[in-house]
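Notes follow the structure.
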Amino acid sequence: MQKIELTKDLKIQAINEIKKHFSTERDENIGDLSAELFLDFITKKIAPFFYNQGIRDAHQYMNERLEDLFALEKSTNI
């Protein structure tokens, strides 16, 4: 599987969200480095679960749409 990478802007947004979460939910202030290390952990260890579920959901959706194609068949009774 390819490495999951964020753009610089998305990474900054994610780091800020992590810092805000720790501040509001845990009453703990963490710095940029700690938030970035936490983001790296999430990206490497947790994100693949969500990515894989997205793949499974897309597969199921596409299979259902392919089944809908049969409804477009024309009658072959002569």
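Points to keep in mind about this one:
- Read-out mean projected area of the Cα convex hull in nm², derived from the coordinates shown; its label in [x] 5.2; [y] 8.2; [z] 9.0: [y]
- The chain, accessible area per residue, ligands and nucleic acids excluded (1.4 Å, Å²): 92
- Accessible surface of the chain [probe 1.4 Å, protein heavy atoms]: carbon and sulfur percent: 56
- Lysine pair count for the chain with Cα-Cα distance under 19 Å and sequence separation of 8 or more or different chains is 11.
The values are calculated or read from the model by the stated rules, or taken from the named source; none is laboratory data. Since this is a predicted model, take the numbers as computed values, not measurements. What goes into the accessible areas is simple: the full protein's heavy atoms, side chains included, and nothing from ligands, DNA or RNA. Shrake-Rupley method; radii C 1.70, N 1.55, O 1.52, S 1.80 Å.
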